[in-house]
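The structure under discussion appears below in the form of structure tokens.
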Amino acid sequence: MKQAGQIALLVLALPASALAEVDVSEWLCESCPFEDGYQSNVEAGTTYVSDEDIRYGNATGYDKDGMYLNVDGDGVYSRDGYRQSWRVEDLGLDSRVVTVEGARQGRYGYWLEYNEIPSRVFGTTETVFDYNSGTLLLPPAWVPAGTTDGFAALEDSLKTRTIESDWGFARVGGRWIASDAFEVYANYSRQTRDGIDIKSGSSYTQAALLPRRIDYATDQADVGVRFRIGSGTLTLAYYGSYFDNRNAALTWQTPFTAPPGATELTAAEEPDNNFQQLSLSGAFQTDFWQSVLAFSVAMGRGEQNENFLDYTSNPNIPGAALPRPSLQGEVDTSNYAVTFTARPLDRVRVKLAYRYDDRDNSTAVDEWSRVITDVFPSGELQENVPYSFTRSRFSAEADVKVLDELRVSAGYDRNELDRDYQEVAEQTEDIGWGQVRWRPASWFELRGRGGVSRRDINRYDEDVAVSLGQNPLMRKYNLAYRYREFGELTAMVSAPTKPLSFGVTVFSADDSYSESKLGLTSSDEMRYTVDLSWKVSDAISVYLMHGGESVEAEQAGSAMFSAPDWNAVHDDEFHHWGAGLHWSPAEGKFDLRLDYSNGEGDTAIRVDSNGVASALPKLTSSLDSLRAEMAWHFSERLDLTFDVRYESFMTDDWAIADVAADTLPTILTLGASPYDYDIWAVGVGFRYYIGERDLQLAD
């Protein structure tokens with residue numbers, strides 16, 4: 001807490017600042033006056049959490065029970081065309097955010113940001129493995145067996161291992177406007193992640209779920225120069241992304257009985273790689289039909305050259321030489337886009353757009369001789385597959401103002417996709433849509449939109465499917481013929497004499513995969529939202545919302561690797577309620593805000609196999625969340641704040657419920673349990689205001 005306080009004081013010592021929710025580009029406008037002034041606030045307090053649950057700490061940092069100290073604050077300063085803002089959030093937690101942003105009107109701008117996001121997955125998991133110098137080791141007294149019920153030392157060897165990681169993100173950047181015709185910008189960011197996740201380690205007919213340690217970083221740089229030429233702009237930019245994984249491989253001792261030399265297995269991890277791109281983009285406005293022409297051209301290259309592991313770590317299998325020591329992977333990308341918008345008539349607006357993307361994987365192809373799970377050579381040579389594709393999209397749309405209260409729009413899209421080394425080499429999709437917007441009064445609007453799309457394929461190459469070990473009758477849903485119908489209706493009402501607004505949206509889509517004998521055959525989706533907001537008085541406002549979604553999908557399969565002999569229906573249902581109240585009395589003694597939300601979801605799966613119907617247990621989830629915030633205004637400078645939060649989260653997942661480490665005979669699991677918690681968090685703090693408390697600084 002001492003360090004957090006020192007950081008807070010350091011930030012407050014700035015002439016005020018910060019980023020994140022503010023776009024500094026708006027501050028660079030010469031014709032956007034800033035009102036001089038300064039305001040900021042800092043809040044320090046403590047929060048008590050009633051119970052410990054790792055999932056409650058996901059993204060919040062409250063993963064333990066007990067007391068937490070915290071600091072928040074924000075501020076803004078503006079004088080003589082210079083503006084700076086700052087924000088600190090959750091400084092005492094693992095979900096902290098610190099941002100600083102500033103700009104001199106028409107001259108320069110800069111931004112700094114740092115935040116952390118805790119990812120908390122399971123706190124109920126247990127493992128027999130210990131991590132030591134990059135290897136997952138079994139206990140010294142471990143006795144391997146062919147199935148999990150033979151692990152005599154399992155019960156005494158299990159120890160809790162939380163599945164969690166921490167994300168870190170830092171960003172720094174700036175813009176400099178050298179003149180009316182020239183400016184430069186640059187951004188640099190670094191994202192890190194470290195912790196433990198889950199990876200499967202197979203030993204052919206058996207497997208173990210492993211608590212894998214992760215530690216990697218991604219650096220990204222984006223720099224460019226922008227030129228203003230007459231009524232247009234040109235931007236030349238560079239983008240680079242560099243991924244660094246500090247764990248090149250994962251090694252573990254297999255808990256099952258294994259042949260000599262195969263008691264310790266190794267698998268490669270995500271390799272280091274990089275991607276770099278140069279781009280040129282521009283936009284030009286002309287008096288011809290009040291048109292705008294925009295374009296972009298980008299050329300990039302991705303590279304991956306991490307050294308391969310040997311075919312096997314088993315010393316009893318003669319080591320064959322690798323065709324080359326590393327992938328020497330190289331992928332070239334080309335992206336072209338052009339957009340033309342115009343208003344040929346006062347009541348007509350048109351837009352034409354075309355985009356072309358090419359991914360050319362020029363990685364060399366060699367023949368490789370695999371060793372199956374470090375036990376036996378496959379005896380076959382297999383080539384690596386350098387997937388490539390080209391994709392193009394053309395779209396045209398028009399918007400016509402038929403009457404002052406009626407607009408009609410229509411559009412057409414065509415997508416074309418060519419692939420290498422996949423079951424479908426050529427694929428096209430045609431989409432047509434129309435929209436009507438009727439606004440007979442300022443307080444009422446009705447909008448309807450609908451259309452159809454048809455995805456065609458040149459043919460499904462069954463030889464490729466067979467080479468991948470698939471049933472030749474099976475069709476992957478993303479590669480199959482599909483016909484879709486969709487529609488959406490939206491109504492919005494704002495009472496002209498009362499501060500009341502109401503909105504409703506309904507969407508429906510129907511997908512048919514009529515040419516698929518095996519695989520997904522149909523899918524129907526329906527969703528809706530209803531929301532109401534009402535300003536009851538100058539002091540009280542309330543809102544209410546409800547939403548729902550249902551998806552029904554049917555698929556056909558074959559247990560005998562031939563014609564369809566079973567089918568399944570998946571029904572997903574989701575519902576969400578939300579309500580809230582904000583009360584701020586005219587005398588200004590306090591502010592009260594209440595928010596409640598409830599979400600319910602369930603999935604039912606029915607299977608019919610050879611006329612025999614059965615159903616899997618339902619998958620369900622339920623989330624209730626309540627938050628009450630109150631600020632009592634002691635004086636113009638000081639508030640006493642109260643914060644009460646309640647959250648209840650419960651899931652019922654048959655895939656992990658009651659599945660202990662040794663429940664499955666050939667899989668050693670981590671024994672994760674479905675989520676189930678009820679937690680209260682109660683906080684109290686003091687907020688102190690500096691400068692003019694209610695000052696509104698113009699943007």
Notebook entry, point to check: With GLU445, GLU462, GLU397, GLU423 as the choices, which residue is under 26 Å from ARG359 (Cα atoms) and either at pLDDT 95 or above or surrounded by 17 or more Cβ atoms within 10 Å (Cβ to Cβ) (or both)?
Noted result: GLU423
Next item on the list: Enumerate the strands (runs of 3 or more DSSP E) found wholly within the stretch 318-381, keeping only those where 2 or more residues are within 30 Å of VAL408 (Cβ to Cβ) and of a type in the set (A, V, I, L, M).
Entry: 329-345, 348-361
Item checked: Tally, over the stretch 364-383, of residues that are at pLDDT below 90, surrounded by fewer than 14 Cβ atoms within 10 Å (Cβ to Cβ) and not acidic (Asp, Glu) -> 5
Notebook entry, point to check: How about the stretch 612-699: which strands (runs of 3 or more DSSP E) wholly inside it have at least 2 residues that are under 23 Å from GLU164 (Cβ atoms), free of Cβ contacts under 8 Å to residues at least 60 places away in the same chain and not β-branched (Val, Ile, Thr)?
Noted result: 619-633, 638-652
Notebook entry, point to check: In the stretch 228-246, is there at least one residue being in a loop (DSSP other than H, G, I, E, B), modelled with pLDDT under 95 and within 30 Å of SER673 (Cβ to Cβ)?
Noted result: no
Note to self: Just to verify a result, which residue in the stretch 250-273, among those that are within 30 Å of SER189 (Cβ to Cβ) and exposed (fewer than 15 other Cβ atoms within 10 Å of the Cβ), is nearest to the chain's Cα centre (by Cα)?
What the structure shows: GLU270
Next item on the list: Output the number of the condition that GLU629 fails; it satisfies all remaining conditions of (1) over 31 Å from the mean Cα position of the chain (by Cα); (2) among the charged types (D, E, K, R); (3) at pLDDT 95 or above.
Entry: (1)
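Give the residues of the stretch 397-419 that are closer than 30 Å to ASN478 by Cα and touching an Asp or Glu at 6+ places or on another chain (Cβ under 9 Å), sorted by residue number.
Those that are closer than 30 Å to ASN478 by Cα and touching an Asp or Glu at 6+ places or on another chain (Cβ under 9 Å): GLU397, SER409, ALA410, GLY411, TYR412, ASP413, ARG414, ASN415, GLU416, LEU417, ASP418, ARG419.
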Checklist line | Tabulated pairs, the stretch 431-456, first closer than 30 Å to SER516 by Cβ, second of a type in the set (Lys, Arg) and modelled with pLDDT of 95 or more, C-beta under 7 angstrom, 6+ apart or interchain | finding: TRP433/ARG449; VAL452/ARG484; SER453/ARG484; ARG455/ARG482
Next item on the list: Working only within the stretch 448-459, note down all residues that are among the β-branched types (Val, Ile, Thr) and either touching a Cys at 6+ places or on another chain (Cβ under 6 Å) or at pLDDT 95 or above (or both).
Entry: VAL452
Next item on the list: Those residues that are in contact with a strand residue (DSSP E or B) (Cβ under 9 Å, 6 or more places away or on another chain) and part of a loop (DSSP other than H, G, I, E, B), I need them from the stretch 137-180; list them, please.
Entry: LEU138, PRO139, TRP142, PRO144, GLY146, THR147, PHE151, ALA152, LEU158, ARG161, THR162, ASP180
Item checked: Of the criteria (1) out of contact with any Ser or Thr (no Cβ under 9 Å at 6 or more places or on another chain); (2) aliphatic (A, V, I, L, M); (3) closer than 18 Å to THR505 by Cβ, which one MET545 fails -> (1)
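Every residue, every condition in (1) among the basic types (Lys, Arg); (2) at pLDDT 95 or above; (3) in contact with a Phe, Trp or Tyr (Cβ under 9 Å, 6 or more places away or on another chain), yes or no:
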residue	(1), (2), (3)
MET545	no, yes, yes
MET560	no, no, no
ASP565	no, no, no
LEU581	no, yes, yes
SER584	no, no, yes
GLY588	no, no, no
ASP602	no, yes, yes
ILE605	no, yes, no
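The values are calculated or read from the model by the stated rules, or taken from the named source; none is laboratory data. This one's a predicted model, so the numbers in the text were calculated from it and none came from an experiment. When we count neighbours, we look across all protein chains shown, and the Cβ atoms used for this are built from the backbone with ideal geometry, even at glycine.
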